[in-house]
Amino acid sequence: QVQLVESGGDLVQPGGSLRLSCVASGSIRTIYRMAWYRQYPGKQRELVASITIDTITRYADSLKGRFTISRDNANNTLYLRMNSLKPEDTADYYCHAVCSTYVDPNQRVYWGQGTQVTVSS
């Protein structure tokens with residue numbers, strides 16, 4: 001089993017910055033892909049950014065240039081640096097990972113519990 005724990009969500013003023021973190025733990029064998037999604041109330045989760053084991057990144061078109069995803073493979077940690085935050089960035093942000101474990105060699109999808117980001121003056 002794999003656990004994903006996010007942190008870093010906060011209340012920030014428009015124009016400000018935040019860095020979200022997600023630590024993956026458990027009997028992890030390989031993390032193939034990690035990603036951040038966000039969800040507005042009553043809406044489906046949408047991809048913010050993703051990064052593969054080969055550090056290939058992908059961003060939602062509307063967020064390119066403001067958000068940066070990165071990962072620390074040695075510590076199974078995912079980051080999201082968010083700059084120039086806008087009120088419309090207010091949402092719950094979820095960590096997502098595709099992993100295999102020493103118990104289950106198949107690739108499985110895991111989700112964190114989410115961290116809340118509020119952008120408001």
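The values are calculated or read from the model by the stated rules, or taken from the named source; none is laboratory data. Bear in mind the structure is a predicted one, so any value in this text is a computation, not a measurement. Cβ sites come from the backbone with ideal geometry, for glycine too, and all protein chains shown count toward neighbours. The accessibility values were calculated without ligands, DNA or RNA, using every heavy atom of the protein model including side chains. Shrake-Rupley method; radii C 1.70, N 1.55, O 1.52, S 1.80 Å.
Might you tell me the accessible area per residue for the chain, computed with a 1.4 Å probe and given in Å²? If you can, show how the numbers build up before the last one.
Values: 6530 Å² over 121 residues.
Averaged over the residues of the chain, the accessible area is 54 Å².
What size of dipole, in debye to the nearest 20, comes out for the chain about its Cα centre when the only charges are +1 on Lys and Arg C-beta atoms and -1 on Asp and Glu C-beta atoms?
That gives the chain a dipole magnitude of about 180 debye.
What percentage of the solvent-accessible surface of the chain, computed with a 1.4 Å probe over protein heavy atoms, is contributed by carbon and sulfur atoms? Numbers along the way, then the final one.
Numbers: 2890 of 6530 Å².
After summing per-atom areas, the C and S share lands at 44 percent.
Share of Cα-Cα pairs in segment 8-84 beyond 16 Å, in percent?
That fraction is 54 percent.
State, as an integer percentage, the relative contact order of segment 1-81 based on alpha-carbon contacts under 8 Å between residues 6 or more apart. Please report the intermediate quantities before stating the final value.
Details: 129 pairs, mean separation 22.4, N = 81.
The normalised contact order for segment 1-81 reaches 28 percent.
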